[in-house]
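To start, the structure under review is shown below, and the notes come after it.
Read the figures in this text as sums done on the coordinates, not as results from a lab. Computed from a predicted structure; not experimentally measured. Cβ placement follows ideal geometry from the backbone for every residue including glycine, while neighbour counts extend to all protein chains displayed.
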Amino acid sequence: MYLRPSFPDTDPCPEPHDAAWAFSEPAQTLVYTSSRVLIERHPVLLVVRSRDGDWQFLHGPVDEDDRCRIFTLGRAVARDPSLQLLADLPKGWRAYRSVPDGLWFREPADLPLPEPARRRDNPRGWTHWLSTSSLPSPWLWK
């Protein structure tokens, strides 16, 4: 079954031969995201690069209401150019930040996810979510 990525046609898509393109993968590479990032336009706060090289751009740990969505790496970068800073993220690693314009922190993906800075819209943070979630891990679309 073919899954067509759903995204507005107005999003610009960087070309892989563009000098500003930092990823080794082409802009047309399909990546995983959540419905909250793709449809509701939540900011990307967690990026996971699986051991096989697949990318996941998430708003934080996903929950049962999230749906896996697929779109292109170029569209993800067009929406958030700071993702270019993660182009050299090694396979099996993740990067996270607490706020959309915050610094990216990198670490191996098999470490426990740290508690982010508490914000008004997320007063209990990810640790509370992880402790109450029935999901096996915060990145589940593999």
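A few remarks follow.
- Between amide H atoms placed 1.01 Å from N, distances below 5 Å from residue 60 occur with 45, 46, all of them 5 or more places distant or on a separate chain.
- Charge context of residue 95, other residues only, Cβ under 15 angstrom, K/R +1, D/E -1: -1
- Counted by neighbouring Cβ atoms within 10 Å, the residues 57, 71 run from fewest to most as 71, 57.
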